[in-house]
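Taking it in order: structure first as structure tokens, then the write-up.
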Amino acid sequence: MKEFSFSTRIFFGEGALERLRKLEDKRVMIVTDRFMAGMGVPDKVASYLTRCQVTVFDGVVPDPPIEVVAAGVEALRDCGAEAMIAVGGGSTIDAAKAIRAVAKETLHIDTDRWECFAIPTTSGTGSEVTEYAVITDRAKGIKYPLDSKALRPPVAILDPQLTVSAPASVTADAGMDVLTHAMEAYVSKGANDFSDALCEKAVSLVFRFLPLAFQDGTDLLAREKLHNASCMAGLAFNSAGLGLTHGMAHAVGGKLHIAHGRINAMLLPHIISFNANLAGVRNGEYTVAAKKYQRLAKTLDLPAPSVRLGVSNLLREVERLNRTLKIPATLKEWGSSPEQIRDLREEMISAALADVTTASNPRPATAECVGAILQKLSGY
Ligand SMILES: NC(=O)c1ccc[n+]([C@@H]2O[C@H](COP(=O)([O-])OP(=O)(O)OC[C@H]3O[C@@H](n4cnc5c(N)ncnc54)[C@H](O)[C@@H]3O)[C@@H](O)[C@H]2O)c1
Ligand SMILES: [Fe+2]
């Protein structure tokens, strides 16, 4: 038996922030980062909360570590919050989810019944609808995906206007995270008809609108479509799971400090090739993943008369998109030294194998396979 459900109410499009006016007579904590605070984003959110007492916690940093979550819990206790609004990228929304969960445990507050809003300002993680929160353990250099239904935000507000200020590199990285979510969920062990439908739509939207939003961040139609794609891909992978791209991205990105979407983008062509396993085809029996990549190629109107051509054209299209977005193809191009990669190699391999997202990859991964992919990714 499989389940497809989502409990998050999604408000989207022009005027979606108006939903915040329903919060009345509450002590509200806005969770964000300093950069967003400097741009006046929490003030904009607070302007809808005229009947509430608002506190801003702006201590989130990218790839939020445990220490940020602890500081957020302290701020929550100090202001006596009764509701929470996270406004920012995936890092902010993840931190807010973890703060809410830890406050429930340690302060014995029934945060499950709180009104909580997730307002993404990047089109990337889909965190506004998922039951995951990725927290970094700085001491170990590892990212942990927490996973619990209780982490799902009750309300998501998708206002594309908030993403317009994202610089081109953030747009590119986050957009490739969306593509990776959709492409991994599409072939994952948990894929189903419901998640497939969302993946196909999200992949089409990313290929069409990500280059436009990258070239012109003020293109509001492109921003809106990407924001919707991000949320759809989030719903899809929340049901279907992810795969080895994310497993390796958490490991390699955590050790070499590469933005999540960027390292996903660099890994994705290698994992498509690994999953399709064209070299291992016997008697014309292709893997299910290879056949699904062919179907995805058809959805994108790429030539795909055979499985082999479908897979290679899809792969080429992903590589082409990476080049358009100026994403490096190798760790060498990104600036890692061969010594750095060699010294961290074993740790990265074992972290990738232990990562919870690797378990739903369609082709089982061994230390040898992960090592070989890492070698190709390195460019040395
Ligand atoms: N919870 C999930 O399901 C899930 C899924 C994938 C990734 N993640 C995690 O999410 C994090 C990445 O999130 P992200 O890609 O959204 O990036 P991010 O939240 O780390 O933000 C990146 C940078 O962009 C800035 N920024 C965000 N929105 C902006 C805007 N509108 N204008 C200008 N600057 C803006 C931020 O201040 C930050 O400096 C990683 O930690 C990753 O592991 C979580
Ligand atoms: Fe991701």
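The values are calculated or read from the model by the stated rules, or taken from the named source; none is laboratory data. What you see is a predicted model; the values in this text were computed from it and never measured. For neighbour counting, all protein chains shown are included, and Cβ atoms are generated from backbone atoms with ideal geometry for every residue, glycine included. SASA here: full protein model, heavy atoms, side chains in, ligands and nucleic acids out. Shrake-Rupley method; radii C 1.70, N 1.55, O 1.52, S 1.80 Å.
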Take residues that are among the aromatic types (F, W, Y) and either farther than 30 Å from L220 by Cα or away from ligand 1 (no atom under 14 Å from the Cβ) (or both) and tell me which of the strands (runs of 3 or more DSSP E) falling wholly in the stretch 1-110 contain 2 or more.
9-12
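Results for (1) within 26 Å of K332 (Cα to Cα); (2) within 16 Å of ligand 2 (Cβ to nearest atom); (3) open to solvent by 30 Å² or more (accessible area, probe 1.4 Å), shown as yes or no for each residue.
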{"residue": "S230", "(1), (2), (3)": "no, yes, no"}
{"residue": "L244", "(1), (2), (3)": "yes, yes, no"}
{"residue": "M248", "(1), (2), (3)": "yes, yes, no"}
{"residue": "N264", "(1), (2), (3)": "yes, yes, no"}
{"residue": "L267", "(1), (2), (3)": "yes, yes, no"}
{"residue": "N275", "(1), (2), (3)": "yes, no, no"}
{"residue": "T287", "(1), (2), (3)": "no, no, yes"}
{"residue": "K291", "(1), (2), (3)": "no, no, yes"}
{"residue": "G310", "(1), (2), (3)": "no, no, no"}
Which residues, taken from the stretch 202-228, are without any contact (Cβ under 8 Å) to a residue 24 or more places away in the chain, open to solvent by 20 Å² or more (accessible area, probe 1.4 Å) and either within 16 Å of T121 (Cα to Cα) or touching a Leu at 6+ places or on another chain (Cβ under 7 Å) (or both)?
D219, L221, K225
Before we move on, is A172 among the aliphatic types (A, V, I, L, M), within 14 Å of ligand 1 (Cβ to nearest atom) and either open to solvent by less than 10 Å² (accessible area, probe 1.4 Å) or not in a helix (DSSP H, G or I) (or both)?
yes
Return the pair list, or none, for Cβ contacts closer than 7 Å from residues in the stretch 64-85 that are assigned by TED's automatic domain parsing to the domain that holds I142 to residues that are aromatic (F, W, Y), at least 6 apart or on different chains.
G72/F57; A75/F57; E82/W114; A83/W114; M84/W114; I85/F117
I'd like the residue in the stretch 118-169 that is under 18 Å from A236 (Cα atoms) and among the basic types (K, R) and, out of all such residues, is least open to solvent (accessible area, probe 1.4 Å).
R152
